[in-house]
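J.: Below you will find the structure I want to go over with you.
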Amino acid sequence: MASRRLPSLNALAAFEAAARLGRMTLAAEELAVTHGAISRQVRHLEEVLGVRLFEGPKNALRLTDAGRTLVTHLTAGFDHLEFGVRAVADEENGALDVSCTGTFSMRWLIPRLYRFQEAHPDIEVRLSASYAPVDFARHRYEVAIRLTDHLMPSEAATTPLFAESVGPVLAPALAARLGLKDPGDLKGAPLLHTVTRRYAWPDWLARAAGGARVDLSGTEYEHFYYMLEAATAGLGIGIAPWQLVIDDIQAGRLVAPFGFIPSGMDYVAVRRPQRSRKAQAFCAWLETEAARTPMPTSPAG
């Protein structure tokens, strides 16, 4: 196998930091060296490569075409290196990347996350939103929170959180005007839908209302979060998981006239198979937090 022919890694790291941050002084701070050291490493790299990487006056340097090409590859490469190191390192503190659906993050996780931060102040939880199936090979997150509407990686460690229950929800003022007594009263009512779960209304009607004939036309929103905001604003009746509306119902912003029924799916947290004290601590906290989350009564609201 041919040996690698690379310039000094220190020089590459100095240039990548300066190019990414836009200033050599900021690169010096990030790498804990002097401004002069960054400048020397960049000049050395330019000499080795035989091209200019920066141009312009010292106080307003800008990347050349060659510099822009190089930094794109270097940043991706250093990100990959960092990911590889973190995948095998078992650190007690630092950043923990967590993937979660956006609405679950905003409606359940973030309002409770302060308790984890109080218990683990040295762990920085970095959230990213995704509805895609968990794929630890392609993504850098260490923990993913998902519904069991698809298969989880067989090698992943899984922490069950809670069973999902769903039901219609609407603003109290709209509920008073509509006077909903049974699912048949939904006929002609303004229904709200979401692209991410188009089957929600038909599935609920089949399970809870014996297939009651209801006109399912209505307003469709791109995300669950938008639909719930519309319901809270009195624009119609949404159908949502209990865990996403529990705080709104307890605060009186929403009511659930027909309660909630199990959807047949569960929320789970999965983490990479490699040992990680940070990920284990976070999943243990999730399990505890899920256990203290009250389950719905029927009817709720």
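Quick note: the coordinates plus some simple rules give every number you see, no bench work behind them. Given the structure is predicted, the values throughout are model-derived calculations rather than measurements. As a convention, Cβ positions derive from the backbone with ideal geometry for all residues, glycine included, and neighbour counts pool all protein chains shown.
J.: Going by how many other beta carbons lie within 10 Å of each one, how would you line up R213, R138, R271, R197, fewest first? Please report the intermediate quantities before stating the final value.
T.: Details: R213 10, R138 7, R271 24, R197 19.
Listed from fewest to most nearby Cβ atoms, that is R138, R213, R197, R271.
J.: Moving to a separate point now. Suppose each label sits 7 Å from its Cα in the direction of the beta carbon; what would the T25-N59 distance come out to in nanometres?
T.: So the label points at T25 and N59 sit 1.0 nm apart.
J.: Using amide H atoms built in the peptide plane, which far-off residues or other-chain residues are under 5 Å from H193 H to H?
T.: Excluding prolines and chain starts, which carry no amide H, the hits are T219, E220, Y221.
J.: Place a +1 charge on the Cβ of each Lys and Arg in the chain and a -1 charge on the Cβ of each Asp and Glu, then give the dipole magnitude about the Cα centre in debye, rounded to the nearest 20. Before the final figure, lay out the partial values.
T.: On the way: 32 positive and 33 negative charges, 80 e Å.
Rounded to the nearest 20 debye, it is 380 debye.
J.: By how many degrees, between 0 and 90 and to the nearest 10, does the Cα long axis of helix 35-49 differ from the longest principal axis of the chain?
T.: Tilt of helix 35-49: around 80 degrees.
J.: Sticking with this one: In what order do E47, E164 fall by count of nearby beta-carbon atoms within 10 Å, going from fewest to most?
T.: Numbers: E47 11, E164 19.
So the residues, fewest neighbours to most, are E47, E164.
J.: Let me ask something else. With a sphere of radius 13 Å drawn around the Cβ of L113, what net charge do the other residues whose Cβ falls strictly inside it have (Lys, Arg +1; Asp, Glu -1)? Mind dumping the intermediate values first?
T.: Numbers: positive: R107, R112, R115, R126; negative: E118, E124, E289.
That sum, taken over residues with Cβ under 13 Å, equals +1.
J.: Percent relative contact order of the chain, based on C-alpha pairs within less than 8 angstrom and at least six residues apart?
T.: Values: 459 pairs, mean separation 61.3, N = 301.
Contact order relative to length: 20 percent.
J.: Go ahead and estimate [θ] at 222 nm for the chain from helices alone: -39,500 (n - 2.57) per DSSP H run with n ≥ 4, summed, over the residue count, rounded to 500.
T.: Numbers: 10 runs with 119 residues, N = 301.
When only DSSP H runs of four or more count, the value is -12000 deg cm²/dmol.
J.: For V169, what residues show an amide H to amide H distance below 5 Å, using hydrogens built from the backbone and excluding near sequence neighbours?
T.: Answer set, sorted by chain and number: G238, I239, A240.
J.: Taking mean projected area of the Cα convex hull in nm² straight from the coordinates, which label in [x] 21.2; [y] 19.1; [z] 26.8 is the correct one?
T.: Computing mean projected area of the Cα convex hull in nm² and matching it to [x] 21.2; [y] 19.1; [z] 26.8 gives [x].
J.: Applying 1/(1 + (r/R0)^6) with R0 = 45 Å to the Cβ-Cβ distance of S217 and E118, what FRET efficiency is obtained, to the nearest 0.05?
T.: 0.45
J.: In what order do M152, M295 fall by count of nearby beta-carbon atoms within 10 Å, going from fewest to most?
T.: Details: M152 15, M295 12.
Ranking M152, M295 by Cβ neighbours within 10 Å, fewest first, gives M295, M152.
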